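Reviewing the structure listed below.
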Amino acid sequence: MKRKKVYAAIIGGGAAGLMCALRAAQQNKNKEIVILEKADRVGKKLLVTGNGRCNLSHTGATADSYHGEGAEELINILFENYNSGAVLAYFRDLGLMTTADSEGRVYPRSNLASSVLDVLRLRLRDCGVEEICGVQLSEIRRTRTGYEVIADDGIIAAEKLVIAVGGKADYAGRESGAEIVKSLGLAAVKPSPSLSPVKIGGDVLRLLKGVRAAAQVSLYRHHQLIKSERGEVQFTDGALSGICVFNLSRWANRDGGCEISLSLLPGLSRDEVAAELKARMELNGGNTLADSFVGMFHKNIANALIKAADLTPSTPCNYISDKELNSLTETICDWRFKTIPRHDFKNAQVTAGGVKLSEIDPRTFETKKHKGLYIIGEALDVDGDCGGYNLQFAFASGMCAGDSL
């Protein structure tokens, strides 16, 4: 590749970029469109999403499931024309059959992520869109007629340019969109990992590694409640994991002064938990405190709770005072863990942060400062909850921008 002149260049061959290129090609049948991808092939991250099944959307996707400054307004406008129903209808037109589980998470009927990528690439091929992989970008220049993308082996001159590079959590490990457009003078929020395990201080988790438990999980920052989720918590080496924890991670990973609270009997009030514990003390009499939790919690969780309440597992139940019982009740209902902000993206599914939404027109995804420059997907300061919301945004923003090119 020396110098190539095209109508539109899409930087990034992920979900948003592929969708944008396809829609743009369908709108501009006689104009050349190329996808520039850093990795050795497009769609690598798509192939590993949803444990290889590709949770490509969520039937209940609304603005409430997205985060970032101005995200609610952007999503509401975007979903007027490109909601989950519209995205799935378009995929059906492309030949992809999908199915939704009981929670509303949408997967290809084949249960193979490759089906999503294959149908996109097949239609891109039909439209004559060229994929150029292994591209190492060094600079983006504005010109009188559009943009020049400077790569290690040549220059792409394009009337229209789309930034769809994804975030630092991208499978290919590429730079974030915020970094690539820095020279264009666009404001951005510093990227941070999201949808990841949350690191926890102390050594309490060593006893619990590999254990799972249902809980109400709440995140506090400086004693103020940020967000609460109910689901299954997974205790890992030095971190808490599970979907409910992932949905709190964007704040825990970015900010200091955070605590996670676990309520391990979320269906019961404090009084009901206290009554249950008192009944168990009476039932077990001379048995140990650890014995009283048989049939209630995993034994490792029981021992960890007892220690967190400053009690001893071997203490006979009939020796437990009302004060100690109250301490145990509080621990079960509000077990606190101090979080450690995470700065690496190794275990993150998506990136929080990116180009500020105030920089783009929410109806086209074209930047307000630079005509003909579009930014979509994870390159923007929008990140969604776990469950198909992020791919829904990637595909929807790609459709919107592609239709606007």
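The values are calculated or read from the model by the stated rules, or taken from the named source; none is laboratory data. For clarity, every value in this text was computed on a predicted model and none was experimentally measured. Quick reminder, even Gly has a Cβ in these numbers, built from the backbone with ideal geometry, and neighbours come from all protein chains shown. Surface areas here come from the heavy atoms of the whole protein model, side chains and all, with no ligands, DNA or RNA. Shrake-Rupley method; radii C 1.70, N 1.55, O 1.52, S 1.80 Å.
How would you order 204-210, 398-404, 138-144 from highest to lowest mean count of nearby Cβ atoms within 10 Å?
398-404, 204-210, 138-144
Please report the carbon-and-sulfur percent of the accessible area for the chain; probe 1.4 Å, protein heavy atoms only, DNA, RNA and ligands left out.
Numbers: 8010 of 17820 Å².
That share works out to 45 percent.
Under 20 °C and 1.002 mPa s, how fast does the range 219-315 diffuse according to Stokes-Einstein, given a Kirkwood radius computed over C-alpha pairs? Answer in µm²/s, whole number. Write down the numbers at each step before the final one.
Values: Rh = 15.3 Å.
Estimated via Stokes-Einstein, D reaches 140 µm²/s.
Report Rg/Rh for the range 26-145, rounded to two decimals, where Rg is the Cα radius of gyration and Rh the Kirkwood radius.
Numbers: Rg = 16.8 Å, Rh = 16.7 Å.
Looking at the range 26-145, the ratio lands at 1.01.
Please report the net charge: other residues with Cβ closer than 13 Å to the Cβ of S358, K and R +1, D and E -1.
Values: positive: K356, K368, K369; negative: E69, E73, E359, D361, D381.
After counting each charged neighbour, the total is -2.
Could you give me the percent of Cα pairs per 5 Å distance bin for the range 175-266, shortest bin first, beginning at zero and ending with the bin that holds the maximum distance?
3, 14, 21, 21, 16, 8, 7, 6, 3, 1, 0
Over all pairs of distinct alpha carbons, what does the Kirkwood formula give as the hydrodynamic radius of the range 82-158, in Å?
15.5
Between the range 352-374 and the range 141-162, what's the alpha-carbon centroid distance in Å?
18
Which value, to two decimals, describes the C-alpha radius of gyration of the chain once divided by 2.2 N^0.38 Å? Mind dumping the intermediate values first?
Details: Rg = 24.9 Å, N = 405, 2.2 N^0.38 = 21.5 Å.
That works out to 1.16 for the chain.
Given q = 0.16, 0.19, 0.21 Å⁻¹, what are the Debye log10 I(q)/I(0) values for the range 255-311, with equal point scatterers placed on the Cα positions and solvent ignored?
For the range 255-311 at q = 0.16, 0.19, 0.21 Å⁻¹, log10 I(q)/I(0) is -0.57, -0.76, -0.91.
So which of K2/K371; K299/K346; K38/K356; K5/K31; K199/K227; K45/K356 end up more than 20 Å apart by C-alpha? Before the final figure, lay out each step's value.
Working: K2/K371 26 Å; K299/K346 32 Å; K38/K356 24 Å; K5/K31 11 Å; K199/K227 17 Å; K45/K356 23 Å.
Too far apart for the 20 Å limit: K2/K371; K299/K346; K38/K356; K45/K356.
Using only Cα atoms, locate the centre of the range 384-405 and the centre of the range 204-236, then give the distance between them in Å, rounded to an integer.
30
Using only helices, what value at 222 nm comes out for the chain when you add -39,500 (n - 2.57) per DSSP H run of length 4 or more and divide by the total residues, to the nearest 500 deg cm²/dmol?
Taking each H run of at least 4 residues, the total per residue is -8500 deg cm²/dmol.
Taking the Cα centre of the chain as origin, sum charge times position over the Cβ atoms of Lys and Arg (+1) and Asp and Glu (-1), and report the length of that vector in debye to the nearest 20. Could the numbers behind the result be given before it?
Numbers: 50 positive and 48 negative charges, 267 e Å.
Computed charge dipole of the chain: roughly 1280 debye.
Given a 1.4 angstrom probe, what's the average accessible area per residue across the range 177-300, in square angstrom?
Values: 5790 Å² over 124 residues.
Per-residue accessible area for the range 177-300 comes out at 47 Å².
Keeping all protein chains in position, work out how much accessible area I320 exposes to a 1.4 Å probe, and write it in Å² to the nearest 10.
Counting only protein heavy atoms, I320 exposes about 30 Å² to solvent.
Just the accessible area per residue of the range 9-100, please: how many Å² with a 1.4 Å probe? Don't skip to the end; give the middle numbers.
On the way: 3760 Å² over 92 residues.
Per-residue accessible area for the range 9-100 comes out at 41 Å².
Would you mind getting the Kirkwood hydrodynamic radius of the range 93-233 from its Cα pairs, rounded to one decimal in Å? Please report the intermediate quantities before stating the final value.
Values: mean 1/r = 0.0490 Å⁻¹.
For the range 93-233, the Kirkwood estimate is 20.4 Å.
Could you compute how much accessible surface M296 exposes when probed at 1.4 Å, giving the result in Å² to the nearest 10?
40
Rounded to the nearest 5, what is the percent of antiparallel bridges among the DSSP beta bridges in the chain? List each step's numbers first, then the result.
Values: 52 of 72 bridges.
In the chain, approximately 70 percent of DSSP beta bridges are antiparallel ones.
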